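Structure provided below as structure tokens; questions to follow.
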Amino acid sequence: MATTKAGYAGPLEQVSPFQYRIPKSYREDMRVDGMIFADEHLIGHIKADQGPEQVANVATLPGIQKASLAMPDIHWGYGFCIGGVAATDPEQGGVISPGGVGYDINCGVRLLRTDLEWSDVKGKIRPLVEQLFRDIPTGVGQRGVFTFTKPQLAELMEQGVSYVVNKGWGADRDVEFAEARGRLDGADPGRVSDRAIMRGADQCGTLGSGNHFLEVQVVDRILDEPAAKVMGLHEGQVTVLIHSGSRGLGYQVCDDFLGVFKDAPKKYGFTLPDRQLVCAPVRSPEGQAYLGAMRAAANYAWCNRQLLTHQARQVFAKVFEKPWEELGMDLIYDVAHNIAKFEEHDVGGGVRKQVCVHRKGATRAFPPGHPEIPELYAETGQPVIIPGSMGTASWVLAGQPGSMIHSFGSSCHGAGRMMSRTAAVRLAEGRRIDRELDAIGIIARARGHKGLAEEQPAAYKDVDLVVDVVDKADISKKVARLRPVGVIKG
């Protein structure tokens, strides 16, 4: 089993200024090449752990198409690297792998614009962050103000974000501007265990812990004026970024199906280089059961981010003494990071197929004119939202045609860790990360010092360098840079 203790020592051939290949000749069990998007600044960090070896491992999966891919924020993860993208063909025995989706099913981000300028907010930023921290549940085991019975949760998991919007906790635009309209078809709540449902009953509308956060930001740079105008962004404007997923419900779904899948490789006649890659054919009973449960958990996650949005809007309304609608707190877009979806793609040689695209720590980045993005973004491309670390910046990009050629319509999802949480906590010994952030104008609140230590800026790659790669590789185009001014974390 891969570990993070040693770096990658296998072959990496630079095939363009922004792509490195692991040739399938590297190992006899590889069915396709591995391909990592990176440049000379990032490749050294990427080789420091076993992430590239995991790219090679994924290249062994039955039915994999074209290449096993990794974005420039790649780092070691469970089974798949984080930043991994793989497409499998169900008609060729293609598999679905829980490790290719991740434990936090549909972990994702959404960006809200406002009509507030930094000059309006600067004098109130500290009380605003304090109120957000008081009113929005954060941290391990925190219960939310929204609770659902088992039948209500079944409806929520089947209907997705429209379920909570129809309850009055949002607006129609919140459905229109979520990836897949905040709902994956084919969700089967009956495949979600009672244990998962129990964990999710009072966690919808909670932020959670780890790298999840809610951040108040200021647009500090516009790089594509026409696209920014369509998205409603301008310099000096205040925005809100929300990063969370399916909480304990999604974690339990993943854990349950890792157990269900453990004997599937032997049953269906294939071997794997790492047991964490455990998978089953998409068309198998096990594969179909997981897909039903995964989609239900994904829909739960969209509802979670919607309820977090509702609570954030309430706080802004309270602090600025205006309804959120008058503050212009509209959703720009919501994207999933950990998900598997069926999409049509060119798998090489002009051949188009419907494939099962795993995105594990990767963001969909569909280009202008794609039928699955809102009409508003038909000429700009889908908004791609890339959070950085809480002490640096985040980016808004727009999907480009190169994503359909090179990466199954995918982009990076963040800066990418380059230090384990344990190492980050060790580095923070004797320091107060909250005070360090305060000194550079960022108000941070968390349940404890450990959470801030784990997520300190030094633990991550430089998000500006990561974004440069996907921009120059024509996967997604830079639109705006956002700097943090306040953040709450678990």
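Note down the magnitude of the dipole of the chain about its Cα centre, charges +1 on Lys and Arg C-beta and -1 on Asp and Glu C-beta and zero elsewhere, to the nearest 20 debye.
Details: 57 positive and 59 negative charges, 259 e Å.
For the chain, the charge dipole is close to 1240 debye.
OK, next. Tell me, which longest segment in the chain has none of the GluC sites (Glu not before Pro) that fall in DSSP loops with at most 16 further Cβ atoms within 10 Å? Don't skip to the end; give the middle numbers.
Values: sites that count: Glu28, Glu40, Glu235, Glu321, Glu325, Glu326, Glu372, Glu379, Glu429.
The answer is 41-234.
Given 0.36 nm per residue, what is the gain on full extension from Ala439 to His41 after removing their alpha carbon distance, in nm? Display every interim value, and only then the final one.
Values: separation 398, 0.36 × 398 = 143.28 nm, distance 2.86 nm.
Separation in residues times 0.36 nm, less the Cα-Cα distance, equals 140.4 nm.
Quick one: 3J(HN,Hα) in Hz for the stretch 468-485, Karplus 6.51/-1.76/1.60 with θ = phi - 60°, rounded, Gly and Pro as x.
My calculation for the stretch 468-485 gives 3, 5, 5, 5, 6, 7, 6, 8, 8, 9, 4, 10, 8, 10, 10, 9, x, 10 Hz in order.
Now, a different point. At a 1.4 Å probe, what is the % contribution of carbon and sulfur to the accessible area of the chain? Before the final figure, lay out the partial values.
On the way: 8560 of 17600 Å².
Here carbon and sulfur together make up 49 percent of the probe-accessible area.
Using just the Cα positions, wrap the stretch 261-395 in a convex hull and report its mean projected area in square nanometres, one decimal place. The partial results should precede the final answer.
Numbers: hull surface 50.1 nm².
Averaging across all directions leaves 12.5 nm² for the Cα convex hull.
Contour minus end-to-end for Gln152 and Tyr268, with contour as 0.36 nm per residue of separation and end-to-end as the Cα-Cα distance?
Details: separation 116, 0.36 × 116 = 41.76 nm, distance 3.67 nm.
Taking Gln152 through Tyr268 to full extension adds about 38.1 nm, to one decimal.
For the stretch 114-210, what is the charge dipole size about the Cα centre, in debye to the nearest 20, if Lys and Arg each add +1 at the Cβ and Asp and Glu each add -1 at the Cβ? Could the numbers behind the result be given before it?
Details: 13 positive and 15 negative charges, 89 e Å.
That gives the stretch 114-210 a dipole magnitude of about 420 debye.
Calculate, in nm to one decimal, what Arg143 and Glu117 gain on full extension: separation in residues at 0.36 nm each, minus their alpha carbon distance. Intermediate results must be reported in sequence, preceding the final value.
Details: separation 26, 0.36 × 26 = 9.36 nm, distance 3.29 nm.
The span from Arg143 to Glu117 would gain 6.1 nm if fully extended.
Over 19 Å between Cα atoms, which of Lys47/Lys478; Lys122/Lys322; Lys229/Lys478 qualify?
Lys47/Lys478
Also, quick follow-up: Convert 25 °C to kelvin, take the viscosity as 0.890 mPa s, use the Kirkwood radius over C-alpha pairs of the stretch 347-461 as Rh, and evaluate the Stokes-Einstein diffusion coefficient in µm²/s, rounded to a whole number. List each step's numbers first, then the result.
Details: Rh = 16.6 Å.
Rounded to a whole number, D works out at 148 µm²/s.
Per residue, what accessible area does the chain have, given a 1.4 Å probe and all protein chains present, in Å²? Walk me through the numbers before you get to the answer.
Values: 17600 Å² over 490 residues.
Per residue, the chain has 36 Å² of solvent-accessible surface.
Once phi is turned into ³J(HN,Hα) by the Karplus curve 6.51 cos²θ - 1.76 cosθ + 1.60 with θ = phi - 60°, what whole-Hz value does each residue of the stretch 401-413 show in order, with x for glycine and proline?
x, x, 5, 6, 7, 9, 9, 6, x, 10, 9, 5, 10
Also: How far is helix 285-320 tilted, in degrees, relative to the longest principal axis of the Cα atoms in the chain, given as a value from 0 to 90 rounded to the nearest 10?
20
If you don't mind, another one. Please list, in chain and number order, the residues 5+ apart from Cys107 or on another chain whose amide H is under 5 Å from its amide H, with Hs placed from the backbone.
Residues meeting the criterion, in which the H sits 1.01 Å from N, are Ser246, His337, Asn338.
Let me have the 222 nm mean residue ellipticity of the chain computed from DSSP H runs of 4+ only, each contributing -39500 (n - 2.57), with the sum over all residues rounded to the nearest 500.
On the way: 17 runs with 153 residues, N = 490.
That calculation yields -9000 deg cm²/dmol at 222 nm.
How far, in degrees from 0 to 90, does helix 150-159 lean away from the longest principal axis of the Cα atoms of the chain, to the nearest 10?
The helix 150-159 is inclined about 80 degrees to the chain.
At 7 Å along the Cα-to-beta-carbon direction for both Glu91 and Glu176, put a label point, then send me their distance in nm to one decimal.
Once both label points are built, they end up 3.6 nm from each other.
Still on this model: Can you list residues from other chains, or at least 5 along the same chain, whose modelled amide H is less than 5 Å from the amide H of Met35?
Residues meeting the criterion, in which the H sits 1.01 Å from N, are Ile22, Ser68, Leu69, Ala70.
Which angle between 0 and 90 degrees, to the nearest 10, do you get for helix 247-261 versus the longest principal axis of the chain when only C-alpha atoms count?
Between helix and principal axis, roughly 10 degrees.
Note the listed values [x] 39, 23, 21; [y] 33, 25, 22; [z] 37, 26, 20, then indicate which one is semi-axes √(5λ) of the Cα gyration tensor in Å calculated from this particular structure.
Computed from the coordinates, semi-axes √(5λ) of the Cα gyration tensor in Å corresponds to [y].
Taking amide H positions as placed in the peptide plane 1.01 Å from N, state which residues far from Leu116 in sequence (5 or more) or on other chains have amide H under 5 Å from it.
Val238
The values are calculated or read from the model by the stated rules, or taken from the named source; none is laboratory data. Remember, it's a predicted structure, so these values are computed and weren't measured experimentally. Neighbour counts run over all protein chains shown; Cβ positions are idealised from the backbone, glycine included. The protein model used for the area step is the full one, side chains on, heavy atoms only, and it has no ligands, DNA or RNA in it. Shrake-Rupley method; radii C 1.70, N 1.55, O 1.52, S 1.80 Å.
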